[in-house]
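What follows is a single structure, written as structure tokens, with notes after it.
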Amino acid sequence: QHRSASAWGEWYLTYHTGNLLGTVSQSAGVPTGAVFESGTGFVKFADGTMILEGNYVTTGTGTSTLTLAKTFVGSNYAIVGSNNTSVSASDITVKFATKTTSSVLASTTVNGVLTTIGLDFVAIGRWF
């Protein structure tokens, strides 16, 4: 609660070490939980932003579905990836397509040929 002049005003929610990191939640778009929530491969923020990171190995011909650790609210998130293996080539590409809220189709090529390689990725979007 704050005091202005001679009158007490509204109560304000104060964040501190006991509630800064915990479960992030919202009700009708208004944050109701902690400011940050983190776990293996993800960080969620009270403003609705979520960042996922991890590594993945494409399978078969170099194209396969990467299942995300957490679900985004929509499929308009950004995702980038890079080669994390010892493949040495002048032309390695990582492409992401056919995004859903919880997965994305990942394709990797080496010198223009679909090839199975490992990759690191980061995806940024919204959880609400």
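Amide H contacts under 5 Å for Ser25: Thr32, Gly33, Ala34, restricted to partners 5 or more places along the chain or on a different chain, H placed in the peptide plane at 1.01 Å from N.
In the list (1) 12, 29, 31, 18, 9, 2; (2) 12, 33, 23, 15, 9, 4, 3, 0; (3) 12, 35, 32, 16, 4, 0, the label attached to P(r) over Cα pairs in 10 Å bins from 0, in percent as derived from the coordinates here is (2). Only residues of the range 17-42 count here: report those whose backbone N is under 13 Å from the spot 7 Å along Cα→Cβ of Val73, or say none. Within reach of a label on Val73, which here means backbone N under 13 Å from a point 7 Å along Cα→Cβ, the range 17-42 contributes 25-32. Estimated at 0.36 nm per residue, the fully extended path between Val35 and Thr59 surpasses their Cα-Cα distance by 4.9 nm. Spin-label model, Trp8/Leu114: points 7 Å from Cα along the beta carbon direction are separated by 6.8 nm.
Peptides 58-70, 115-127, 12-24, ordered by how many other C-beta atoms sit within 10 Å of their residues on average, highest first, read 115-127, 58-70, 12-24.
All of the numbers you see were taken from the coordinates with simple rules; none came from a lab. Given the structure is predicted, the values throughout are model-derived calculations rather than measurements. Every residue, glycine as well, gets a Cβ built from its backbone with ideal geometry; the counts of neighbours run over all protein chains shown.
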